[in-house]
1. Only one residue in E74, E132, E109 is out of contact with any Asp or Glu (no Cβ under 7 Å at 6 or more places or on another chain) and either aromatic (F, W, Y) or without any contact (Cβ under 8 Å) to a residue 24 or more places away in the chain (or both), so which one is that?
2. Go through (1) within 16 Å of the ligand (Cβ to nearest atom); (2) of a type in the set (A, V, I, L, M, F, W, C); (3) under 20 Å from A201 (Cβ atoms); (4) in a loop (DSSP other than H, G, I, E, B) one by one and return the number of the condition A151 breaks.
3. Please go through (1) surrounded by fewer than 15 Cβ atoms within 10 Å (Cβ to Cβ); (2) over 15 Å from the mean Cα position of the chain (by Cα) for E198 and return the number of the only condition it doesn't satisfy.
4. Here are some conditions: (1) more than 19 Å from the chain's Cα centre (by Cα); (2) over 20 Å from R90 (Cβ atoms); (3) of a type outside the set (V, I, T). Q172 meets all but one. Which one does it not meet?
5. Can you find a residue in segment 165-179 that is at pLDDT 95 or above and either in contact with a His (Cβ under 6 Å, 6 or more places away or on another chain) or not in a helix (DSSP H, G or I) (or both)?
6. Condition (residue is closer than 20 Å to N78 by Cβ and either part of a strand (DSSP E or B) or among the basic types (K, R) (or both)) applied to segment 128-137: is it met by at least one residue?
7. Do we find that S210 is farther than 25 Å from N99 by Cβ, within 16 Å of the ligand (Cβ to nearest atom), assigned by TED's automatic domain parsing to the domain that holds E131 and more than 15 Å from the chain's Cα centre (by Cα) in this structure?
Amino acid sequence: MSLQFISKLLIGLTTAGLLIMNTASANANSVTVSLEEEEKAAAEQQWTLPHPVVLIDVGHGGIDGGTSQGDILEKDINLAIARKLYVLLRSEGIPAVMNRTGDYALSAENRWHHSRSRHFKDLTQRRQLSEEIDSRLFISLHVNWGRNRSARGPVVLHQPTGESALLAFCLQNALNRQQNSNKLPIMGDAFYLLKKVEQPAVIVEMGFISNPVDVNMLTSSAGQLQVAKAIVSGIRQYQWVAQ
Ligand SMILES: [Zn+2]
């Protein structure tokens with residue numbers, strides 16, 4: 001793990017820890033409250049703790065550039081949009097955390113898995129972080145590539161669960177509006193992360209690096225912001241429907 005990542009985690013954990021301590025001392029003062037009521041109150045307090053709601057899985061990194069077009073690399077697009085998404089979510093009061101905050105390979109941080117495959121080490125590390133970081137939604141950011149250069153637009157892949165499909169539908173809908181497309185989300189149950197991650201998870205293919213219009217959007221700061229805003233709007237729609 002990078003130092004930056006660890007320090008972010010520590011700040012998050014410390015904040016949560018302090019809030020738990022406050023809750024405990026408040027409960028200790030009210031001696032007339034029954035144990036059952038105390039447990040109920042604690043459960044409610046737990047619900048309001050500011051733990052990350054969204055884990056942003058930033059696709060590829062370091063030696064793994066992902067797909068590419070000339071010298072444009074998917075890993076850089078994923079990180080640039082993830083950063084914008086992270087800031088937007090937090091500014092809207094939706095706590096988020098990124099599992100990669102710079103240009104490095106998550107496989108290099110995985111010293112626990114016996115596999116020799118760098119790709120598999122990368123995926124298992126991402127899954128492991130999804131278990132360690134307390135979050136409700138897992139959103140994996142990627143960029144598509146097509147042999148046919150006219151292929152364009154967003155595609156969201158989901159797990160075979162209702163919650164994941166709903167999240168995918170909301171994200172697809174928001175991205176379709178932003179990119180003037182009409183695609184439907186796709187079942188992605190063959191993908192390792194969608195199979196293994198326990199919380200509702202989706203893979204968001206934000207556009208095609210092989211398409212001239214999409215690649216302009218994906219590499220310009222204004223276009224990246226539009227994509228990030230659409231993802232936030234999809235998450236908000238999901239939250240509203242899922243509640
Ligand atoms: Zn990718």
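The values are calculated or read from the model by the stated rules, or taken from the named source; none is laboratory data. Because the structure is predicted, anything quoted here is derived from the model rather than measured. Here the Cβ positions follow ideal geometry from the backbone for every residue, glycine too, while neighbour counts run over all protein chains shown.
1. E132
2. The one condition A151 does not meet is (3).
3. (2) is the only condition that E198 fails.
4. Every listed condition holds for Q172 apart from (1).
5. Looking through segment 165-179, at least one residue is at pLDDT 95 or above and either in contact with a His (Cβ under 6 Å, 6 or more places away or on another chain) or not in a helix (DSSP H, G or I) (or both).
6. Checked segment 128-137: at least one residue is closer than 20 Å to N78 by Cβ and either part of a strand (DSSP E or B) or among the basic types (K, R) (or both).
7. yes
So that you can scan it fast, the table gives a plain yes or no per residue for (1) within 15 Å of the ligand (Cβ to nearest atom); (2) modelled with pLDDT of 85 or more; (3) buried (at least 16 other Cβ atoms within 10 Å of the Cβ); (4) more than 13 Å from A82 (Cβ to Cβ):
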residue: P95; (1), (2), (3), (4): no, yes, yes, yes
residue: R100; (1), (2), (3), (4): yes, yes, yes, no
residue: N110; (1), (2), (3), (4): no, no, yes, yes
residue: L141; (1), (2), (3), (4): yes, yes, yes, no
